[in-house]
Amino acid sequence: MNKDTSDPFVHVRGARENNLRNIDVDVPRDAMVAFTGVSGSGKSSLAFGTLYAEAQRRYFESVAPYARRLLQQVGAPQVQEITGLPPAVALQQRRGSPSSRSTVGTLTTLSNLLRMLYSRAGTYPPRAERLEAESFSPNTAAGACPECHGLGVVHDVTEDLLVPDPSLSIREGAIAAWPGAWQGANLRSVVNGLGIDIDRPWRRLRKKDRDWLLYTDEQPLVYVEPEEGRVDYGYEGKFWSARKHVMHVLADSKSEKMRERALRFVRSVPCPECHGSGLRPEALAVTFAGRSIAEINAMPLLEVVALLRPVAGRRRADATTSTARSGETTEVAVRICRDLVARVEVLLDLGLGYLSLGRRSTTLSSGEAQRLRIATQLRSGLFGVVYVLDEPSTGLHPADAEPLLDVLDRLKAAGNSLFVVEHDMDVVRRADWVVDIGPGAGEGGGRVLYSGPVAGLEPVRESATGRHLFGRAEPLAHRPRTPHGWLRLRGVTRHNLHDVSVDVPLCVLTAVTGVSGSGKSTLVTQVLAEVVRGHLGLVPEEPAEAQLEVDVQDVSGVESFDRLVLVDQRPIGRTPRSNLATYTGMFDAVRKLYAATDAARARGYSAGRFSFNVAEGRCETCQGEGFVAVELLFLPGTYASCPTCQGARYNAETLEVTYRGKNIAEVLALSVDAAAEFLSAVPAASRSLETLREVGLGYLRLGQPATELSGGEAQRIKLATELQRARRGHALYLLDEPTAGLHPADIALLLRQLHRLVDAGNTVVLVEHDLDTIATADWVIDLGPGGGDAGGRVVAAGTPAKVAKARRSATAPYLAARLA
Ligand code: ADP
Ligand code: ADP
Ligand code: ZN
Ligand code: ZN
């Protein structure tokens with residue numbers, strides 16, 4: 001593979017991907033190399049866009065030479081030459097949503113082993129036949145529960161959702177789930193005709209009648225008399241119970257709005273047949289160590305290991321016979337258990353012992369998901385490859401980052417190279433080599449400022465990384481604030497929080513800290529958000545997920561908020577049709593600007609013409625997408641620039657209209673920094689652009705598709721969109737790890753903006769691991785002490801200085817070191 005194996009370096013010559021300025025760089029193999037620099041400087045363009053992309057291209061060329069031409073069109077990185085490059089594996093965060101059916105067990109492939117264990121070595125009921133391994137998977141026809149088709153949940157209505165206010169009568173609209181307007185009036189008349197009092201408060205109706213009205217499948221026809229002001233003719237009306245109506249809408253309605261409304265009345269409950277496991281009864285009847293596979297799937301990994309270790313450690317084993325009722329003492333059982341225990345132990349080392357195999361991947365944080373993938377790689381036994389990682393320490397408490405770094409060291413010791421895009425200076429310090437890109441972002445970056453052992457970065461004056469790594473950066477000036485009242489929660493119960501009391505100070509910036517799995521997101525992005533949302537009478541942001549109950553006994557202080565803003569890292573749009581300009585609303589101003597030019601007026605072009613989503617203005621070949629799909633058998637979803645518009649997205653006539661010498665496609669290609677200058681005469685656009693620059697996003701292009709943005713960028717765009725609104729009142733801002741993916745220099749920018757929100761009278765609560773951010777918070781709530789069942793309690797609360805002294809807090813020692 002490498003002709004000259006005595007040369008331990010990968011040589012990159014003439015890299016020009018994205019903003020890289022024709023750079024040459026040599027990086028060592030069999031080492032941990034950190035790629036650093038402010039956001040947008042070009043780290044990922046080098047590590048992923050050039051090195052990984054080239055390794056991948058070579059791989060595909062070797063397996064499918066016929067695809068060479070297509071690959072050149074779509075995938076070849078802009079680089080003159082790379083030598084000494086081993087095959088590469090990328091372990092990226094997020095990108096592409098995991099399917100809702102994947103779980104911790106499927107991600108790590110542990111589920112396959114476990115199914116094998118039950119199939120080959122489980123204890124079967126008398127006379128039952130041995131099942132194939134697939135029969136233990138809810139995702140196969142052989143294994144799926146017939147009631148819920150393997151989903152484990154069924155959707156159903158409950159009285160408290162259907163009838164939110166039982167003091168109302170049916171005439172007053174007690175059954176909120178019924179349709180409004182004519183249909184609703186019709187149902188009331190039908191109920192009246194059935195002899196049920198529609199003027200009596202709901203709670204005073206007989207239980208039997210209430211249940212019938214809500215749940216019956218019967219649909220009697222009732223003659224409805226003509227009614228004053230409603231119908232002047234008699235007719236046959238059909239009854240629909242509230243459940244029947246809701247289910248009918250969900251199953252049959254073509255209207256997205258109607259379906260969303262109906263979902264408000266639905267709760268997902270565990271399937272009564274399989275108790276949520278999604279498995280058919282025959283599979284659930286098989287046990288190992290006294291447990292069904294569903295029980296093992298629901299256990300924390302820590303307990304799974306404890307349960308299987310005795311079998312794994314067994315010295316003597318019986319021969320396997322396919323007719324025995326149980327195979328628990330056989331050679332097969334011992335072998336599979338040994339393998340399972342060894343693999344799960346890696347997950348325990350990474351601090352993930354609180355997860356269960358059945359946990360859905362959609363509910364994992366990106367840090368948890370990445371650690372699972374890293375652990376899976378560790379067992380794959382590959383050597384001589386480069387692992388390219390995207391901020392492995394993201395989302396990790398410093399106490400969790402250490403074991404992860406140990407695992408990375410093991411990957412390296414096994415003969416692999418690690419190329420790591422990283423912002424955490426504590427991780428960078430452990431690297432063998434650092435490649436620092438910069439000095440700024442976008443056009444202002446793209447140069448190699450330094451490439452060599454970490455210590456050598458110290459004298460490099462231009463490097464923001466050097467300033468932070470060697471303690472030369474100016475600390476954020478901050479005078480601690482005092483709270484103006486409290487939001488008090490009593491008896492909070494959700495996931496691992498059990499009857500917890502939490503006081504959140506108002507009008508200050510609070511950091512919620514704790515190791516992974518301690519309950520931070522549960523408290524902040526779920527409980528706090530739901531409590532305030534409930535107070536404001538808002539519906540959940542994601543109505544597609546059926547409602548959960550808010551499990552809080554008592555709340556005070558919530559009246560003080562008149563707005564809730566959840567600034568999370570979810571993408572700002574799921575299609576390349578949404579981008580920075582459309583999301584912030586600035587694109588409206590730009591389109592109006594183009595419609596107001598003389599050329600546009602002469603041709604009768606309205607603002608709509610300048611949208612790439614509208615037929616008149618957009619390129620017909622690509623329908624305004626700018627790219628077309630390329631058919632490659634083994635590379636699903638591969639795209640190439642549109643041959644007609646070369647990615648411009650508009651048709652030629654639209655592009656003839658210019659403002660200050662640029663057409664609309666050229667404006668979308670501008671960076672925020674450049675656009676701020678170009679559009680300085682357009683106030684509506686300038687305001688947005690200014691706030692985007694203030695949060696450090698000056699390097700993004702206006703037309704950058706939402707799908708290309710990182711979670712951290714999406715989060716800062718949301719924040720900037722909020723800042724540009726500048727409103728009165730008291731908002732609660734909830735942020736989940738806003739500093740993830742940011743260079744310390746960018747964190748400083750972001751913090752300044754967050755403190756500005758507090759100075760304007762708002763309350764800000766962050767889930768946070770970054771010690772500099774925690775140190776400048778007004779208040780800290782530390783959860784823990786551990787993850788999962790070992791956490792879920794408030795270990796310490798108070799000013800950073802106070803929490804730094806707390807005993808039993810995993811955060812305290814790190815915070816104390818930072819404050820010293
Ligand atoms: P970093 O990893 O240091 O944050 P990136 O390598 O992602 O920086 O980005 C470097 C520059 O390239 C930025 O100006 C960014 O906007 C631009 N860029 C990133 N991805 C693309 C892309 N797919 N097309 C064009 N420009 C891009
Ligand atoms: P943190 O944000 O501190 O990492 P979380 O609030 O995400 O912690 O998780 C706290 C505990 O709740 C963990 O044991 C986790 O496994 C569990 N948990 C979190 N989300 C879910 C979920 N959707 N379903 C079941 N358990 C969950
Ligand atoms: Zn079921
Ligand atoms: Zn096109």
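Every read-out reported here was derived from the displayed coordinates using simple, explicitly stated rules and does not represent laboratory data. Because the structure is a prediction, the values reported are computed rather than measured. When we count neighbours, we look across all protein chains shown, and the Cβ atoms used for this are built from the backbone with ideal geometry, even at glycine.
Counting 0.36 nm for each residue step from residue 623 to residue 429 and taking away their Cα separation leaves a gain of 65.0 nm. Of the chymotrypsin sites (Phe, Trp or Tyr not before Pro) found in the range 565-672, the ones in coil according to DSSP and having at most 11 other Cβ atoms within 10 Å of their Cβ are 634. A straight chain from residue 599 to residue 640 at 0.36 nm per residue would run longer than the Cα-Cα distance by 11.6 nm. The mean sequence separation of alpha-carbon pairs under 8 Å and at least six residues apart, normalised by the residue count of the chain, gives a relative contact order of 15 percent.
Within the chain, the cysteines lacking any other cysteine Cβ closer than 4.7 Å to their own Cβ are 337, 507. Towards the positive end of the charge dipole of the chain, with charges on Cβ (+1 Lys, Arg; -1 Asp, Glu), say which of 143, 602, 513 has the farthest Cα. It is 513.
For the range 155-270, what is the relative contact order in percent, using Cα pairs closer than 8 Å and at least 6 residues apart in sequence? Intermediate values should be presented prior to the final figure.
Values: 155 pairs, mean separation 36.3, N = 116.
Relative contact order for the range 155-270 comes out at 31 percent.
For the pair residue 325 and residue 455, label points projected 7 Å from Cα toward Cβ lie 6.9 nm apart. Taking Cα centre as origin and charging only the Cβ of basic (Lys, Arg, +1) and acidic (Asp, Glu, -1) residues, the dipole magnitude of the chain rounds to 380 debye.
Among the trypsin sites (Lys or Arg not before Pro) found in the range 175-278, those both in a DSSP coil and sparsely packed, with 15 or fewer other Cβ atoms within 10 Å of their Cβ, are 206, 230, 254. Take the Cα radius of gyration of the range 752-820 and divide it by 2.2 N^0.38 Å, N being the number of residues; the result is 1.15.
Rounded to the nearest 500, the 222 nm mean residue ellipticity of the chain from helices alone is -9000 deg cm²/dmol, with -39,500 (n - 2.57) taken per DSSP H run of at least 4 residues.
Stretched out straight at 0.36 nm per residue, the stretch from residue 338 to residue 801 would grow longer than its current Cα-Cα span by 162.0 nm.
FRET efficiency for the pair residue 225 and residue 256, taken as 1/(1 + (r/R0)^6) with r the Cβ-Cβ distance and R0 = 25 Å, rounds to 0.10. Ignoring lysines fewer than eight residues from residue 257 along the same chain, the ones with Cα atoms less than 23 angstrom from its Cα are 244. Check the straight Cα-Cα distances from residue 592 and name the aspartates and glutamates below 20 Å, setting aside those fewer than 8 residues away within the same chain. In chain and number order, the partners are 616, 653, 656, 666, 677, 690.
Candidates 181, 247, 223 compared by Cα position along the dipole of the range 155-270: farthest toward the positive end lies 247, with charges placed on Cβ. In plain terms, if you count all Cα to Cα distances in the range 155-270 and split them into 5 Å steps from zero, the share in each step is 2, 12, 22, 25, 19, 13, 6, 1, 0, 0 percent. Given a Förster distance of 25 Å, report the FRET efficiency between residue 477 and residue 402 from their Cβ-Cβ distance, rounded to the nearest 0.05. Efficiency for this residue pair is about 0.20.
Dipole of the chain computed with +1 at Lys/Arg Cβ and -1 at Asp/Glu Cβ about the Cα centre; of 448, 659, 536, farthest Cα towards the positive end is 448. Seen from every direction in turn and averaged, the convex hull around the alpha carbons of the chain projects onto 43.0 nm².
Short-range pairs are left out: with C-alpha atoms under 8 Å and at least six residues apart, the relative contact order of the range 580-708 is 23 percent. Using the Cβ-Cβ distance between residue 379 and residue 130 with R0 set to 30 Å, the FRET efficiency works out to roughly 0.60. A P(r) calculated from all alpha carbon pairs of the range 275-321, with 5 Å bins opening at zero, reads 5, 17, 23, 21, 17, 12, 4, 1 percent.
What is the order of 255, 102, 521, fewest Cβ neighbours within 10 Å to most?
Ranked by crowding around the Cβ, least crowded first: 255, 102, 521.
Fraction of C-alpha pairs exceeding 22 angstrom in the range 580-708: 38 percent, rounded to a whole number. Listed by chain and number, the aspartates and glutamates whose C-alpha is less than 17 Å from the C-alpha of residue 805, apart from same-chain residues fewer than 8 away, are 772, 778, 782.
Label-to-label distance for residue 147 and residue 78 is 5.9 nm, based on points extended 7 Å past Cα in the beta-carbon direction. Extending 7 Å from the Cα toward the beta-carbon at both residue 167 and residue 559 defines two label points whose distance is 1.7 nm.
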